[in-house]
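Since the structure comes first, as structure tokens, the remarks are kept for the end.
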Amino acid sequence: MSKRLSDELYSAHRRLPITVRQGYHDFLVWSDPPHMNYRTVLNKERLLAGLMLASITMSLAGRPVAEPMRRFARLLTIPLADAGVYVTTALKSYGDTGSGVPVSPDRARQLARENDDLRRQLDLLAVELRQSRRRNAEIQGIRSRFFAPADDLPIELIPARVVMLDSLPYSASRVVSAAQAGRMAPGQAVTTRRILIGRSKALPEKLAVVTVSSLVGRLSETDAYSARLQLITDRKFGLSVSIRRVADRNNPRKIIDERDVSERILGDEGFTDVEAFAQGDGAGGMTARLVQAHHGVRRGDMVFTSAGDGWTGGGRIPVGTVDSVEADGAKPGLFVTVHIKPRAHLAALRDVYIIVPPSFSSPRAEGD
Amino acid sequence: MHWIMVGIMVYAVTLLQTSLAGIMTVSLPWVGPVRPDLLAVPAVYMALYAHRRADAMLAGWLMGMAIDLTSGAGAGFSTAVGPMSLGYALAAGAIHTVRNVLFRKNVITQCVVTVVFCVMAHGLWLAMQWIIAFRRIADWPTCFAMLLQALGVALYTAAVMPLGRVVLDRCRRRLISSPSGRLGRGQRR
């Protein structure tokens, strides 16, 4: 079609039907002015080019640009994502049947006899203990009614709730060796969560986060009303731990007593906990390397946070249990690597508490 | 393209991605956690059925930006915003370019296209994040593991694609408009 004919057809900016012949066929089409289509195509393409350029710019700008944008996006997504996470954690909790070492009938009878002995010992101490506990509970009840920290643990607990996961699963993942593959639990390896806090001011970072029974992680990237929870299984999470060796009369273990460098059988008295540094493995557990082999750490030993650690308020918080012990690759006779299984069910994490020691204060409240 | 409906759909799928997708997460040995990229499903659908390439790329950009804004990828090495939106837009444009040689309604074709789309988008995201952030803290075995993880995500997403296509087919008229100049039956100007 000639340009003059098209101009005549669209002099009144109306669309008119025209017949276009192609080969042996005639097509009746609504033709558009070429210049009008041209402007429309250019507008979208220009917009697209601008957005792509903006993406490149934001990518290079990094975190200073990303954080304000993500903060705004969280305001839009957290209120409704909470319901989905509730469903997710409920299903994960329902599917967790727990795992433990199977017990033989002989072992079960032995345990029953031991339980009876221990129960009789407890009965002898029960009267005096009951009176002192009742008195202590009355005092704690009065103090907690006025929201004051308890005497035994001078900290404040702030409740929080897991409301959102990351949209991508690449958080702190790592290659898992075949030997570790059997210990992975499905859905557990994404090692950060977004939690909702009922505070309008951002809390300080690196505060410990616990459930009712154990440590689960610490805060990072805090914000008003929400924060990112770095789980203990994150590769960048590390802390000092104490490994409490469990004495078992039916399966005694020999250890080297460091006080006089003599070999002894581990009992309930007189032995200190083993200090170590544990780090998340990014796959669902923690690893403590370079633990001295003569301590005799083995599966089933309990792991706590180190005493006197101000980050956790000074208390010894359970972290998990020893899942396996293997010889260190470089010095197999001297050191062992301890693999720790978290006590908390991280895949079904929902309600948590943030430990705020008395020494912490919000940096933003101080005008930071 | 009905952009308001597209925006509502992106918001809804983003909520699913950040909450209920945790149920679908599985951990594979040697790979790590894998779950479907739910936003890739409508992005591939738009790339296959949008009338203009610019529309498909704009929709892809929007969905990629939603992922960028809801993903921090771990404490200690916060990721930048922008790479996924770039990856989604480029992958959508590539799919739209070659769609005329494909049987778009074939389920296998859609699954294969989904795998290609995810590999392109996630591969570009990983490459840009390595350059921007990861290279200071990640070693080559970790990078290789994340590539395997991206492949796992692509395959898992392809498995979810047929179900997503059924849902999106019912919503196509609300998302993708008719081409300009072509009136529907019974419509008048």
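Values in this text are rule-based calculations from the coordinates and carry no lab data. All figures in this text were calculated on a predicted structure; none of them were measured in a lab. Cβ placement follows ideal geometry from the backbone for every residue including glycine, while neighbour counts extend to all protein chains displayed.
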Worksheet item: What residues have an amide H closer than 5 Å to that of A:GLY320, excluding those fewer than 5 places away on the same chain, when H is modeled at 1.01 Å from N in the peptide plane?
Response: A:VAL303, A:ARG343
Worksheet item: What is the distance, in nm, between label points placed 7 Å from the Cα along the Cα-to-Cβ direction at A:ASN43 and at A:ARG299?
Response: 6.9
Practice prompt. Within the stretch A:212-256, which residues have the backbone N less than 13 Å from the label spot 7 Å out from A:SER104 along Cα→beta-carbon, could you tell me?
Written response: A:251
Worksheet item: Using modelled amide H (1.01 Å from N, peptide plane; none on Pro or chain starts), what sits under 5 Å from the amide H of A:GLU156, excluding residues fewer than 5 places away?
Response: A:VAL356
Discussion item. As a footprinting exposure proxy, order B:TRP61, B:TRP125, B:TRP140, B:TRP3 by other Cβ within 10 Å, with the fewest listed first.
Written reply: B:TRP140, B:TRP3, B:TRP61, B:TRP125
Practice prompt. Please arrange A:HIS295, B:HIS122, A:HIS345, B:HIS51 by counting, for each residue, the other beta carbons lying within 10 Å of its beta carbon, fewest first.
Written response: B:HIS51, A:HIS345, A:HIS295, B:HIS122
Worksheet item: What residues qualify as long-range amide H neighbours of A:ILE340, i.e. H under 5 Å apart, gap of 5 or more or another chain, H built at 1.01 Å from N?
Response: A:MET286, A:THR287, A:ALA288, A:ASP323
Worksheet entry | In degrees, nearest ten, helix B:83-98 long axis to first principal axis of chain B (Cα) | 50
Item to complete: List the equivalent ellipsoid semi-axes of the stretch B:11-64 in whole Å, largest first, each obtained as the square root of 5λ for an eigenvalue λ of the Cα gyration tensor.
Response: 27, 13, 8
Worksheet item: How many nm separate the modelled label positions at B:ARG170 and B:MET5, each set 7 Å beyond the Cα in the direction of the Cβ?
Response: 1.4
Discussion item. Using square roots of five times the C-alpha gyration tensor eigenvalues, list the equivalent-ellipsoid semi-axes of the stretch B:21-111 in whole Å, biggest first.
Written reply: 26, 18, 10
Worksheet entry | All-pairs Cα distance distribution in chain B, expressed in whole percent, bin size 5 Å | 1, 8, 16, 21, 21, 14, 9, 5, 3, 1, 1, 0, 0
Worksheet item: How large is ³J(HN,Hα), in whole Hz, for each residue of the stretch B:149-156 in order, when computed from phi with the Karplus curve 6.51 cos²θ - 1.76 cosθ + 1.60 and θ = phi - 60°, using x for Gly and Pro?
Response: 5, 4, 5, x, 4, 5, 5, 5
Discussion item. To make sure I understand, if each residue's beta carbon is the centre and we count other beta carbons within 10 Å, what order do A:PHE304, A:PHE277 fall in, fewest to most?
Written reply: A:PHE277, A:PHE304
Discussion item. Could you check the spin-label model distance between B:TRP140 and A:ASP116? Points 7 Å from the Cα along Cα→Cβ, value in nm.
Written reply: 6.5
Fill in: Net charge over other residues, Cβ less than 12 angstrom from the Cβ of B:GLY152 (K, R count +1; D, E count -1)
0
Discussion item. Given R₀ = 45 Å, what would the calculated FRET efficiency be for A:ARG133 paired with A:LEU290, taking r from the Cβ atoms and rounding to 0.05?
Written reply: 0.65
